[in-house]
Each structure stands twice: as C-alpha cells, then as structure tokens.
Amino acid sequence: MTIEKTLSVQKREGSGKGPAGRARTQDMIPGVFYTAKGDNIAVQAPALPLEKMYAEMGRTAVFNLEIDDNGTKTVHPVMFWEVQKHPYKKAFTHVDFYGVDLDKEVKVDVPIEFVGVARGVKLGGVMETYRESVRLCSKPLDMPKKAEKAEDAAEGEEKKPAKKTTRKTTKKAAAKKDEEPKEEETKGE
C-alpha cells in the first residue's frame, strides 16, 4: 500500500501567541510536527488544503507531510494527532502531526459506526451509545478508517477488525447498551 496524498507546509519561525496569531491572519494554521524519533518541528499549513485533507483523511489515515525549510523540502509519513478548532467558528486554530514509522504499530482511536437496527430498538426500546471510538493497534497503513458494529437482530455479531489490527480495550468497555421495553413481573403467591 502506498501513500497517495501530500500536504505541503512551511517551517515556522518563532513560537507563542504573537507569531501564531500573525500566521492565522495570513490564513496559515500553526502546528507542530512530532517525528517518530521524538523531535518536534514548528510548522504552519495553509488553512484550506489542511481542512480538505482532514475531511478526507480523518485521524486514522497516513499521508505525506512535505516540510519546506527555506527551499529545502523533506517528506515524512504522518497522521493527524490532534486538531484544535475555534469554539463557534469552524476554523482550525492549531494542528499536531504525528510522524509514524511505517514498520511499527501505532495506537489510534478509531470511530465506531453502528450498522443496522438493534433488536431492542425494533421492539420499541432506545439505543444508548457509551463510546464513540475504540482504540486499535496496527501498522499505520493497515489502520481502518472506522470500526463497524453490526446491529442486525439476525446477525447480532460484531464485525471483526482486519487481521492485522488488534483491539486495545477491556471487555468491560461496552460500546452501546440496547434496552428492550421491560415488562413488569408479578410474583404469584
């Protein structure tokens, strides 16, 4: 599997509130690139390509980050680690990129998508979801975009992650609670 998408960013000089605010006025989003070796590099990315890349790739897909350092360009495979958004505008305020080693496993929270209708819901109950994501461990290129949970009464079984992906949660961490309408029981004497 190859990495198809590339996001071009520039190395950022200066840190703190002032330089970050000036970058945002020029439609550049400040961010940090954390290498797989543990180093960090301050970067700034153009707002529109960054938002499009995040909408398309999400937090689970790997893409190339091309860093321009005064004419010297280096390319690194990365994932979105954290994205901060403005409280009421839909604008990004800061982004963190996590440099991955394509041969080592990473742990990522993958969103859960419920497919079908649960048996309890068919009987008039309400489905409550307790978690929106599940932590999976896999090599970066094998990571699924979302984890599907089948809710059909006929199937009633969870779709297993890919063979190269392992789940990193406990059995007690339930994803949903399916409540059927309860009938009151009366005890006969």
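Taken together, the values in this text are just the output of simple stated rules run on the coordinates, not laboratory data. Everything numeric in this text was worked out from a predicted model, so none of it was measured. As a convention, Cβ positions derive from the backbone with ideal geometry for all residues, glycine included, and neighbour counts pool all protein chains shown.
Structure values in brief
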item: Karplus-derived HN-Hα couplings along the stretch 38-44 (A = 6.51, B = -1.76, C = 1.60, θ = phi - 60°), whole Hz, x at Gly and Pro; result: x, 7, 10, 10, 6, 10, 9
item: Share, in percent, of DSSP beta bridges within the stretch 1-152 that are antiparallel, nearest 5; result: 70 percent
item: Low-density loop positions, trypsin sites (Lys or Arg not before Pro), the stretch 1-39 - DSSP coil, at most 14 other Cβ in 10 Å; result: K5, K37
item: Coil-residue chymotrypsin sites (Phe, Trp or Tyr not before Pro) of the stretch 66-157, DSSP, other Cβ within 10 Å capped at 12; result: Y88, Y130
item: Overall dimensions of the stretch 36-106 by Cα: Rg and Dmax, Å; result: 12.8, 39
item: Subset of K37/K90; K17/K104; K89/K122; K52/K107 violating a 29 Å alpha-carbon distance limit; result: K37/K90; K17/K104; K89/K122
item: Cα-based equivalent ellipsoid of the stretch 9-65: semi-axis lengths in Å, sorted from largest, via gyration tensor; result: 20, 16, 8
item: Amide H within-cut-off set for A36, under 5 Å, with H built and near neighbours excluded; result: G99
